[in-house]
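Structure first, commentary second.
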Amino acid sequence: MKRLPSFLIIITALFLNACGPNPSSENQKLRDDVIAVHDEVMPLMGKLKSLEKAANEKVKELESSPEPDSLQIEELKAVALELSQAYEGMFVWMRQYKVDDEDMSPEELKTYLQGQMDQVNQVNEDIKNALDRASKVLEGQ
């Protein structure tokens, strides 16, 4: 009977530990969220390049006109650069993203994935902002 309280404490501790959050499943959800953000904007990469090409073509057209509008040309060049940087930003992020995490503890992995979430959200925002600005500028031409 004297062992019963000790046994109950051990069983309770094991039960509470088993019911607590599982770091690997939390990290898997975080990894899935990072990839979901990537997958949301990856299909827009072709549109980035297409709009960049359109902006550069418009620049060439305006530069060859009899009276080039330098403000409009500079705005289009800035838009083309923003589109190019957003495009490159995705590939920079993808090159540094680590798929293999076997050498990380669950805590290190969580910190890594949270940092990756911040980075991929920035890439997402940069792409969407560049597309929005390009659409507005090119439609106004």
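Side notes on the structure shown:
- Filter result for the condition that a residue is within 21 Å of GLN28 (Cα to Cα), out of contact with any Gly (no Cβ under 6 Å at 6 or more places or on another chain) and either hydrophobic (A, V, I, L, M, F, W, C) or in a helix (DSSP H, G or I) (or both), over GLN85, GLN116: GLN116
- Restricting region 87-141 to residues that are touching a Leu at 6+ places or on another chain (Cβ under 7 Å) and of a type in the set (Val, Ile, Thr), the residue that is farthest from ASN56 (Cα to Cα): ILE127
- Region 93-113, subset basic (Lys, Arg) and part of a helix (DSSP H, G or I), residue surrounded by the most Cβ atoms within 10 Å (Cβ to Cβ): LYS110
- Within region 88-113, tally of residues that are in contact with a helix residue (DSSP H, G or I) (Cβ under 6 Å, 6 or more places away or on another chain), over 13 Å from LEU30 (Cβ atoms) and hydrophobic (A, V, I, L, M, F, W, C): 2
- Exactly one residue out of ASN17, ASN27 is surrounded by 13 or more Cβ atoms within 10 Å (Cβ to Cβ), at pLDDT below 95 and polar (S, T, N, Q): that is ASN27.
- Evaluating ASP69 against the criteria (1) surrounded by 12 or more Cβ atoms within 10 Å (Cβ to Cβ); (2) modelled with pLDDT under 95; (3) within 30 Å of SER24 (Cβ to Cβ) leaves one unmet condition, (3).
- The condition (being of a type in the set (Asp, Glu) and farther than 14 Å from ALA54 by Cβ) is satisfied by just one residue among GLU75, GLU107: GLU107.
The values are calculated or read from the model by the stated rules, or taken from the named source; none is laboratory data. In this text, all values refer to a predicted model and were calculated from it rather than measured experimentally. Methodologically, a virtual Cβ is constructed for each residue, glycine included, from the backbone with ideal geometry; neighbour enumeration extends over all protein chains shown.
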